[in-house]
Amino acid sequence: MDLDELRTMLCRHARADGTTSINGVLISKVGQSSPPSPSMSGTLLALIVQGSKRIALGNRVYSYGPGQYLVASVDMPITGQFTAASPERPALGIGLVLHPATIAELLLQAGPGDRALAGGSTPSGIAVCDAPDELVDAATRLARLLDRPRDQPVLAPLIKKEILWQLITSEQGALVRQLGLADSSLTHVAAAVRWIRDNYAKAIRVEDLAQLAGMSVSALYRNFQAVTAMSPIQFQKQIRLQEARLLLATYPNDVTGVSTRVGYESPSQFSREYRRQFGAPPSQDAARLRGATSSSARALTRLLPPPTTPTGRAQGSPPAPNGRRRRSEP
């Protein structure tokens, strides 16, 4: 597999915010290895062209390097870091946001006769695979369009669908296919995930969550664990602690305020769980985050939710929850 052309184009077109002129296509360029940083995975394909990255989801760890791709079918709380990157040889990746409607359209075009596209059991929400030559070729042709803006409106959607079809028919196709199936177990779990993500500071009643997802309590537990490697309560705790860490990077002197903002009633419980998750008490970790290198600090800042200033909020206190989170870079 030849990654040279794709590597050159990604270097040329990389932007600080990761976006490109093609909707849904992302480019990541990181000039040094980074400490683990929390983010949301997004629903995307991420192909590494140079360098390597490691992602933790619950008790699962995924590592991928040049010529390998990660696919995420549910927006989940992850901790990620680039493990091989330098200014002379930056880590490079290209990402494609996965839209359920486009996947559903391709499945309809394939027709009901293709048994290879049957639903099957509930897959994990994240998988890593070696990229076949055909996928790298399609990604390269998609990147070439960055130099041809006139052709983008016509050709980019076609190449995106080609890439999606390759994912749908790949060894990890079940993960992608369920994203496009309206009544798949993955779709039901995704509804529960969205509710927790948008209401992470609220108390959870699993019975209510199961009703919202259209599942029994036992089915929700079983399928939620299969997709996210966590129970709903553990998932909520991950969201809360990741949100708290991001807030502490900006409000390092308000540990109690941050703990309350993310839904903890007991500051001591918050400190215990935070230390267990990140290896240091909140105040100590906040100081470490503030002393991080400038590039790491900028990367962490991009994960923060948009700042708000509600009437009556004291200056320098954490903002109110808004449910909006930054997705991970490829």
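Scanning segment 226-242 for residues that are at pLDDT below 90 and in a helix (DSSP H, G or I) returns 226, 227, 228, 242.
Considering segment 79-198, the qualifying helices (runs of 4 or more DSSP H), each wholly inside and each with 2 or more residues that are farther than 27 Å from residue 3 by Cα and either at pLDDT 90 or above or not hydrophobic (A, V, I, L, M, F, W, C) (or both), run over 100-110, 173-180, 185-198. Residues that are crowded, with 24+ Cβ neighbours inside 10 Å and more than 30 Å from residue 271 (Cα to Cα) do occur in segment 186-206. Specify the residue that is nearest to residue 45 (Cα to Cα); the eligible residues are those in segment 175-228 that are over 17 Å from the mean Cα position of the chain (by Cα) and of a type in the set (Asp, Glu). Among those that are over 17 Å from the mean Cα position of the chain (by Cα) and of a type in the set (Asp, Glu), it is 183.
Inspect all residues belonging to segment 43-51 and state whether any of them is in a helix (DSSP H, G or I) and modelled with pLDDT of 95 or more. Write out each step before concluding.
Of the residues in segment 43-51, the ones in a helix (DSSP H, G or I) are none.
The answer is no; no qualifying residue exists.
Tell me yes or no: at least one residue of segment 1-17 is part of a strand (DSSP E or B) and either of a type outside the set (S, T, N, Q) or free of Cβ contacts under 8 Å to residues at least 60 places away in the same chain (or both). Even if it seems obvious, please write down each step before you answer.
Taking segment 1-17 first, the residues part of a strand (DSSP E or B) are none.
Checking segment 1-17: not a single residue is part of a strand (DSSP E or B) and either of a type outside the set (S, T, N, Q) or free of Cβ contacts under 8 Å to residues at least 60 places away in the same chain (or both).
The values are calculated or read from the model by the stated rules, or taken from the named source; none is laboratory data. Note that the coordinates shown come from a computational prediction; the quantities given were computed from them, not determined experimentally. A quick note on method: Cβ atoms are made from the backbone with ideal geometry, for glycine too, and the neighbour counts reach across all protein chains shown.
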